[in-house]
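FYI, it's all coordinate maths here, none of it is from the lab. Note that the structure is predicted; figures quoted are calculated from it, not measured. FYI the Cβ positions are ideal-geometry reconstructions off the backbone, even for glycines, and counts take in every protein chain you see.
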Amino acid sequence: MPSNKPIGVIDSGAGGLSVLKKIQELMPNEELLYLADSYFAPYGPRSKRVIKNRCFENMGFIELQHSKALVLACNTATAAGVEALREEYDIPIIGMEPAIKPAADLTRTGVVGVLATEGTLDSEKFMDLESLYKDKVEIITKACHGLVDEIEKLKIDQGEIVKLVTEYTEDFLKRGGDTLVLGCTHYALIVDIIAEIVGPEVVVVDTGMAVAKELKRRLQSEGLETDSKQKGRISFFTSGNTEDQQVLLSRYWGEKVPVLHYLNFLLTI
Ligand code: DGL
């Protein structure tokens, strides 16, 4: 039976908008709920336990909205909590994972770079993934400390972002890397800056569209797609300051959007 219930999309902050855009592009009639857990952003330096708690807290909110599916549009949260969420909830839950597999197929030099948070790179999930391709290609990982904080700043400092990306891609470029995986959804928001720094010879791989397609496939296979012919509504929520988040989310979404507060967050930590 088609379902007109919303699809929840969660990230620590604005990064998941890069995935939300692709979902909207692919399934314009679906109703979407975006939750930016901004009060707790960035997730990258936090412990697995705290991030997992955040996943459950956020999921509670998404469930209250009777969502039919969840996209955990955050590599760090996926690494920490997606399996536990799947054990607990029956709805389709789609997570993010650095696109090493497609990168390993694409590379001509045999050198692949992965930019991600420390939380993602230190996770067991990532290490398992990396070990599947380690013999096939050289994988250069870089934990991009401070980059999410810069992307989340209300007043963007482009110079600082350029400085950090230059530093974090230096080793990859020096070692002949030609395929760079964006292992954090926030980095997709600055893909133009990253592409310019690494140059036209490097393929930059983002997983947003692949995740949107996987969501569509899951909805189709479970008969959960909407039958609405109208453009789907998108609602934005945050655990942070709504005025600030309105400015930030509107900047990355590309138009002014209202942002409501999500009150649940006091219960955690
Ligand atoms: N956007 C997230 C990711 O994909 C998390 C970034 C953060 O909060 O540190 O990893």
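Does the range 1-114 classify as rounded, prolate or oblate by the C-alpha gyration tensor (a ≥ b ≥ c root eigenvalues; a/c under 1.5 gives rounded; else a/b over b/c gives prolate, otherwise oblate)?
Details: a/c = 1.88, a/b = 1.29, b/c = 1.46.
It comes out oblate by the Cα gyration axes.
Rounded if a/c is under 1.5, else prolate if a/b beats b/c, else oblate: with a ≥ b ≥ c from the C-alpha gyration tensor eigenvalues square-rooted, which is the range 128-250?
Numbers: a/c = 2.41, a/b = 1.25, b/c = 1.92.
Here the range 128-250 falls in the oblate category.
Hey, could you grab the Kirkwood Rh for the range 30-89? Inverse mean 1/r over distinct alpha carbon pairs, Å, one decimal. Write down the numbers at each step before the final one.
Numbers: mean 1/r = 0.0841 Å⁻¹.
Taking every pair of different Cα atoms in the range 30-89, averaging 1/r and inverting gives 11.9 Å.
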**OP:** Work out how much length K155 to R233 would gain on full extension: take 0.36 nm times their residue separation and subtract the Cα-Cα distance, in nm to one decimal.
**Re:** 25.3 nm
**OP:** Provide, in order from the shortest bin, the percent of all Cα-Cα pairs of the chain in each 10 Å bin, continuing until the bin that contains the maximum pair distance.
**Re:** 7, 31, 36, 21, 5, 0
Original post:
On full extension of the chain, what length is gained from L132 through E170, given 0.36 nm per residue of separation minus the C-alpha to C-alpha distance?
Top reply: 11.2 nm
Original post:
If you place +1 on the Cβ of every Lys and Arg and -1 on the Cβ of every Asp and Glu, how big does the dipole about the Cα centre of the range 165-234 come out, in debye to the nearest 20?
Top reply: 520 debye
Subject >> Total charge dipole magnitude, the chain, about the Cα centre, Cβ charges on Lys, Arg, Asp, Glu only, Debye to nearest 20 >> reply: 440 debye
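Which of the three applies to the range 62-105, rounded, prolate or oblate, going by the alpha-carbon gyration tensor with a ≥ b ≥ c and a/c under 1.5 meaning rounded?
Prolate, because a/c is 1.5 or more and a/b exceeds b/c.
Which value, in debye to the nearest 20, describes the size of the charge dipole of the range 1-134 about its Cα centre when Lys and Arg Cβ atoms bear +1, Asp and Glu Cβ atoms bear -1, and nothing else is charged? Intermediate results must be reported in sequence, preceding the final value.
On the way: 14 positive and 18 negative charges, 45 e Å.
The calculation lands at about 220 debye.
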